[in-house]
Amino acid sequence: MTSSHSSRTNRFGWSVPSSVLSLWTLAVPLVTVWLFTSLGSNLSSSAAIDLGYALANLIVVVAMWTFIGNSGVLSFGHLAFVAAGAWTMSLLTISPLVKSSIMPDLAPFLADASVEPFVALIIAGVVGGLTALISGFALMRLHGLEAGIATFALLMLVVQVLTYWSAIGPKSGQSMTGVPRSFDLQSTMFVALIVIVIAWGYGQSRSARMLRASRENAQAAPASGISTTRHRIIAFAVSGALAGVGGAIWAQTNRVVQASQFGLDFTFTTIAMLIIGGMLSLWGAVVGTLLIAALNHVLGVVENGVQIGGVIVSLPSGSRLVVVAVLMVLIIILRPSGITGGREARWPFRPRDPFPAAAGRNRVQPPSEKTPAAAGAAV
Amino acid sequence: MIPFIQSLIDATSAGAVYALAALGIGLVFGVLRLANFANGEIITGAAYALLLLWPVSWPLALVASIVVAIALSLLMDLAVFRWMRSQSPAALLIASFGVSILLQRFYEGIFGARVRSGSVAPALTQSVNVGGLRLNLLALVAIVLAGILLLGVHLFLSRSRMGLQVQAAAADFRVARILGIRSGVVIAVTLGMSGVLAAAVAFILTAQSGAVDPTFGVQATVFGLIGAVIGGLNRVGGAVVGGFAVGFALSLFTSWLPSGFDDFRVAFVYLLVIVVLLIVPNGIFAGRTAKERT
């Protein structure tokens, strides 16, 4: 939340400093994730398993928000950095003995490499960030749909390389097995919380504010001396690093890593989470992910069959993705800015706004809503 | 020399398929600003119709595949895209991504997740000998079919009254509407044309592989979409050339990359796409019209 007010007077007459207001937008997501995790881990063993994936997805979606939310540019390519992180984590933590048997052609320095899980996690973030930085120099000059397609091409490029290059992985198309489970749920949650803090901190930075300015008005921001490309590259690199961490967490949760896993379905799930929650706010990324994760778990239970009054009801397998897809399409049609409306978590003790017309000023509206409701409004 | 000509013909036929896919996507994008990812599922639907009905009767299979493709194309619009006409192309693309996943699960539920095989137009799998050149009949059919369809679409767009209206709508939808063009009809015609093109792609691909699974049309659509973007999404001709170029490059890489690198042929195509977009961010044939920076 980027409140332009220095402070606000609440209904009791004392003012709330703006630092509290902005910290509130960090505290609410953190507490929500913490409550969600402690609730879910005590529910059942299957819930605990789903929770591990949910936290990994959460990191990936928050990473995507860091770029997509702040820049307003669509990226279908973030799974490339997730894949890079997952690959790094697997190569650095699988025991050398296993590596030599499933990946005989591995480059020597990778074959012997073995580090502590936490160090591997950080290296995964660095690898993801560097991949994003290097590709960002090329990709961030693009806009709109072209950017979406180019980032998608990047993902496909990375997936192809990881599939076939046996010097950095298994033989073509095979999977890396035996990734050790390095973090328990508690530490996974702490990693997720730290990622949220970093993403929020980036969102408060001068660079991110400039980037949001360019998102709101692509002409006025450069005219005020903002280098859109430069700040997009910074956001892309930060986001790539966080996505790399997400990939590392995902790898040690799933324990089997294969290049083809980072394809369209995974991309779709994470983008749907971001869109459903509201892609313009960190709070939206968190809400969307946790909501879909909870829904996924419930549907998964029903897929296995639930007894309701003597009758066993079960859904066909694969219905989870259908529900997510239907939900996302409905949200895009009915509430294009997502459940949170693209707003950050709000300070609940707000004063009654004396200028209701100005209330909309802080609200971020997607640019599309401004265009007239004509069919296929001209670009 | 002969293997070179042979690989050139293969590349042309591969290019022709992706040119058709790109044309379908480009036409719809021109009018609706919708880069339809779910075009792949229209192709898949038509392919299932071809595969399942071909043993019954081949004319029926052909007609059914076209009907299914047009119906799917119109239904998609009716159910989803017409409710979000005012949204940005990016939002539309994401929604079409959702529709695509949805239809894939739908096919999985009806026809099963596994590959269904059969033979479509088995007569076309023969080769003919022309002066020492073994030509795959199917490749020739693909080139001819694509040629006819491209010419047909071109003549329709440039000569017929309806086609001119479609072009006007693609240039500026609001002004076209103000000038009295019936938008509903134009949209329906465009979607219908994209359906026919998808059915043609489905015919060539099923005749080639004889196997269909729920994600059958995804690859052709991804390459078609990418081709349309690098050709220039706001020019229909550009989309065709872009799609052709992608297919052509893919096929040439397949036959001419040195061993050890041939696994990376698809990677090279994607690398090429990124490089092309870097040099001409709006597409090769986008023209000099300044595009709104979004």
- Which condition number in (1) in contact (Cβ under 8 Å) with a residue 12 or more places away in the chain; (2) open to solvent by 20 Å² or more (accessible area, probe 1.4 Å); (3) not charged (D, E, K, R) is the one that residue A:298 fails? (1)
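With the structure loaded, tell me whether residue B:5 is within 14 Å of chain A (Cβ to nearest Cβ) and either open to solvent by 10 Å² or more (accessible area, probe 1.4 Å) or in a helix (DSSP H, G or I) (or both) or whether it fails that test. Spell out the reasoning first.
On the way: within 14 Å of chain A (Cβ to nearest Cβ): no; either open to solvent by 10 Å² or more (accessible area, probe 1.4 Å) or in a helix (DSSP H, G or I) (or both): yes.
It is false that residue B:5 is within 14 Å of chain A (Cβ to nearest Cβ) and either open to solvent by 10 Å² or more (accessible area, probe 1.4 Å) or in a helix (DSSP H, G or I) (or both).
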- Task: Scan (1) out of contact with any Pro (no Cβ under 9 Å at 6 or more places or on another chain); (2) part of a helix (DSSP H, G or I) for the single condition residue B:41 breaks and write down its number.
- Result: (1)
- Message: Looking at residue B:265 and the list (1) buried (at least 19 other Cβ atoms within 10 Å of the Cβ); (2) farther than 17 Å from residue B:10 by Cβ; (3) charged (D, E, K, R), which single condition is not satisfied?
- Response: (2)
- Query: In this structure, does residue A:230 turn out to be buried (at least 22 other Cβ atoms within 10 Å of the Cβ) and more than 19 Å from residue A:25 (Cα to Cα)?
  - Reply: no
- Task: Filter the range A:163-189 down to residues that are surrounded by 17 or more Cβ atoms within 10 Å (Cβ to Cβ), at the interface with chain B (Cβ under 9 Å from one of its Cβ atoms) and either touching a strand residue (DSSP E or B) at 6+ places or on another chain (Cβ under 8 Å) or polar (S, T, N, Q) (or both), then give me how many there are.
- Result: 1
- What residue, among those in the range A:310-350 that are part of a loop (DSSP other than H, G, I, E, B) and open to solvent by 80 Å² or more (accessible area, probe 1.4 Å), is farthest from the other protein chains (Cβ to nearest Cβ)? A:349
- In the range A:140-162, residues that are more than 7 Å from every other protein chain (Cβ to nearest Cβ), farther than 9 Å from residue A:77 by Cα and part of a helix (DSSP H, G or I) total 4
- Message: Residue under question is residue B:142, and the condition is that it be surrounded by 14 or more Cβ atoms within 10 Å (Cβ to Cβ), among the small types (Gly, Ala, Ser) and under 30 Å from residue A:143 (Cβ atoms); does it hold?
- Response: no
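Of the residues that make up the range A:194-202, is at least one within 14 Å of chain B (Cβ to nearest Cβ), open to solvent by 40 Å² or more (accessible area, probe 1.4 Å) and modelled with pLDDT of 90 or more?
no
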- Task: Determine whether residue A:269 is open to solvent by less than 30 Å² (accessible area, probe 1.4 Å), assigned to a helix (DSSP H, G or I) and within 11 Å of another protein chain (Cβ to nearest Cβ).
- Result: yes
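Return the residues of the range B:85-134 that are more than 7 Å from chain A (Cβ to nearest Cβ), open to solvent by less than 60 Å² (accessible area, probe 1.4 Å) and in a loop (DSSP other than H, G, I, E, B); say none if nothing qualifies.
Of everything in the range B:85-134, those that are more than 7 Å from chain A (Cβ to nearest Cβ), open to solvent by less than 60 Å² (accessible area, probe 1.4 Å) and in a loop (DSSP other than H, G, I, E, B) turn out to be B:112, B:118, B:120, B:121, B:132.
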- the range B:274-294 - residue that is assigned to a helix (DSSP H, G or I), farther than 19 Å from residue B:237 by Cβ and within 7 Å of chain A (Cβ to nearest Cβ) and, of those, modelled with the lowest pLDDT: B:278
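Quick one: which helices (runs of 4 or more DSSP H) sit completely within the range B:156-271 and have at least 1 residues that are of a type outside the set (A, V, I, L, M, F, W, C), over 13 Å from the mean Cα position of the chain (by Cα) and under 30 Å from residue A:162 (Cα atoms)?
Fully inside the range B:156-271 and qualifying: B:183-209, B:218-231, B:236-256.
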- Item | Residues located in the range A:186-211, provided they are closer than 18 Å to residue A:241 by Cα and without any contact (Cβ under 8 Å) to a residue 12 or more places away in the chain | A:190, A:194, A:201, A:205
- Task: Could you tell me which of the residues B:210, B:232 is away from chain A (no Cβ under 14 Å), at positive phi and at pLDDT below 90?
- Result: B:210
- Message: Residue under question is residue A:153, and the condition is that it be touching a Leu at 6+ places or on another chain (Cβ under 6 Å), surrounded by 16 or more Cβ atoms within 10 Å (Cβ to Cβ) and of a type outside the set (Val, Ile, Thr); does it hold?
- Response: no
- Message: For the range B:71-84: of the residues being open to solvent by less than 50 Å² (accessible area, probe 1.4 Å) and not aliphatic (A, V, I, L, M), which is farthest from the other protein chains (Cβ to nearest Cβ)?
- Response: B:73
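Could you list, in sequence order, all residues of the range B:96-143 that are of a type in the set (S, T, N, Q), in contact with a strand residue (DSSP E or B) (Cβ under 6 Å, 6 or more places away or on another chain) and at pLDDT below 85? Please lay out each step first, then the result.
Going residue by residue through the range B:96-143, those that are of a type in the set (S, T, N, Q) are B:96, B:100, B:104, B:117, B:119, B:125-127, B:129, B:136.
Adding the requirement that they be in contact with a strand residue (DSSP E or B) (Cβ under 6 Å, 6 or more places away or on another chain) leaves B:117, B:127, B:136.
If the condition is that a residue be of a type in the set (S, T, N, Q), in contact with a strand residue (DSSP E or B) (Cβ under 6 Å, 6 or more places away or on another chain) and at pLDDT below 85, then B:127, B:136 are the ones that fit.
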- Message: Take residue B:147 and tell me if it is touching a residue at least 24 places away in the same chain (Cβ under 8 Å), more than 9 Å from every other protein chain (Cβ to nearest Cβ), under 22 Å from the mean Cα position of the chain (by Cα) and surrounded by fewer than 18 Cβ atoms within 10 Å (Cβ to Cβ).
- Response: yes
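The values are calculated or read from the model by the stated rules, or taken from the named source; none is laboratory data. No experiment lies behind these values; they were computed from the predicted model shown. So basically every Cβ, Gly included, is an ideal-geometry build from the backbone, and we count neighbours across all protein chains shown. All accessible areas refer to the heavy atoms of the entire protein, side chains included, with ligands and DNA or RNA removed. Shrake-Rupley method; radii C 1.70, N 1.55, O 1.52, S 1.80 Å.
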